[in-house]
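Computed from the coordinates by the stated procedures, all read-outs in this text should not be read as laboratory data. Just so you know, these numbers come straight off a predicted model, no measurement behind them. When we count neighbours, we look across all protein chains shown, and the Cβ atoms used for this are built from the backbone with ideal geometry, even at glycine.
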Amino acid sequence: MERAARSAADAYRGIVRRWLIGRPAVVLGLVACASASPPPGGPVDITPPKLVRMTPDSNATNVATRYASFYFDETINDRGSGAQDVGNYFLVSPSDGESRVFWHRSRIDVRPRNGFRANTAYTVTLLPGLSDLRGNQMRSGASVVFSTGPTIPKDRINGTAIDWVAGRPAARALIQGVTPDSVTYLAQSDSVGHFTLGPLPPGTYLVRAIVDQNNNHALDRNEPFDSVTVVVPQRASDSLVLRMAPRDTLPPRIVNVAPADSGTLRVTFDRLVDSRQPFTPDMFRLVAADSSVVPVTAVLTPEQEARVARERDRVRADSARRADSLAGKVLPPPRPTPPPAANARTDSVPSPFTALALKIGRPLAPASVYRLSVTGVRGLTNRTQPSERSFTTPRPPPPRPATDTTRTPRGAPARPAPTRPAPARPPS
């Protein structure tokens, strides 16, 4: 009986197999129904993942754990590469190198490269930008502070990171605090440039703010940065401001000199110039080809040029309004001053620059060679070096051709073109 039942089952499977082989569309439909993709239709998911909880608990002490774990309400995308790699969204402070990040769908475990050290306070930070499988990104981050010892230090370093060239706060700048024995603490500035580094034990720290362009949590060549030495505990009255800019060990040198108008020269340097130094005419010497000296009467920074231009425009507008008022014209009410833009300049220290304007005492001769020398102009690393540049003034424009002022009035018949008299024939 059992052998008969087994034979009947084998025969039935053979019939089903032959039936499916002749109907490939049915097979594909069955496979599609068995796939794990979401069913078509329904609302589109545009909600970013939410952080449900973190372990260890914040401010916990005597923690014995291998990982700091972050739990989410959905699966996190782990397919990013480069700057989008999951590991780039976590900071472990203090750091002993690249952190170890382990993805478990809706849970991510983080630990230092060599594990948590004993009797050390740690801050593990989740940075904004982590996304789910549909690309919905988290706009905010979170952090957990705990200690593997009995206490957590109370001291922190607070400050602001500034994009000095743009003159506005720098969002998501990398902040480093390095001790004399090379222990590195990490943080990141928020959307308005503010940062908090710590908790920190008392001591001296080299604090750096970096525009981390490749997102590797380190300072690389040509990345804008600024650094300052800070003693912890930090006094409450101290306001730490880090102004990031590209810095070079070489001093600035003149690369171009060009007349802007008859009384102004524009001087361009190959590196950023520190805007906090005073600029005086005796720093520049302008010599003609005949060795005569052209006096430099004033030096204007870009900010001073902009201020002069604004004042000139204001005077012109006031003069035009007075003229219209005397002429009896009805004047519109003055426009209200618009509020500052969200990305407007907020730094009180002028930004570094690469160009200066020189006011000269007399106009330069056209198509002539001059030599400009500069001394005492320092770069962002406080280095100076004399430099000079020769330039040639442009040729004057060619004179305009004379125009015939005796034009024929509109509607009048055109005058016939003058005819030359025929040459006289010799007498026969």
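Taking amide H atoms as placed 1.01 Å from N in the peptide plane, the amide H of residue 378 lies under 5 Å from those of 274, each 5 or more residues away in sequence or on another chain. Placing a label point 7 Å from the Cα of residue 354 along the Cα-to-Cβ direction, the residues of the range 156-186 whose backbone N falls under 20 Å of that point are 163-168. With the highest mean first, a sort of the peptides 218-227, 158-167, 372-381 on other beta-carbon atoms found within 10 angstrom per residue produces 158-167, 372-381, 218-227.
Taking Lys and Arg as +1 and Asp and Glu as -1, the other residues whose beta-carbon sits under 13 Å from that of residue 116 total +3. Taking a sphere under 12 Å around the Cβ of residue 256 and counting the other residues whose Cβ falls inside, with K and R at +1 and D and E at -1, yields a net charge of +2.
Note on the range 176-296: semi-axes of the ellipsoid equivalent to its C-alpha gyration tensor, largest first and rounded to whole Å, are 42, 16, 13. Compared with the rule-of-thumb size 2.2 N^0.38 Å for a compact globular protein, the range 151-222 has a Cα radius of gyration ratio of 1.12. Taking a ≥ b ≥ c as the square roots of the eigenvalues of the Cα gyration tensor, the range 42-119 is oblate, since a/c reaches 1.5 or more and a/b is not larger than b/c. Remark: the range 312-329, residue by residue, has Karplus-estimated 3J(HN,Hα) of 5, 5, 5, 5, 5, 5, 5, 5, 5, 5, 5, 5, 5, 5, 5, 7, x, 6 Hz, where x stands for each Gly or Pro and the curve is 6.51 cos²θ - 1.76 cosθ + 1.60 at θ = phi - 60°. Counted residue by residue at 0.36 nm each, then reduced by the alpha carbon distance between them, the extension gain from residue 218 to residue 179 reaches 12.5 nm. Mind giving me the nanometre distance, one decimal, between the label points for residue 59 and residue 282, set 7 Å out from Cα along Cα→Cβ? According to this spin-label approximation, the distance is 6.1 nm. Mark the label point 7 Å from the Cα of residue 118 along Cα→Cβ and return the residues of the range 144-161 whose backbone N is within less than 20 Å of it. Residues 146-153 qualify, since their backbone N sits under 20 Å from the label point.
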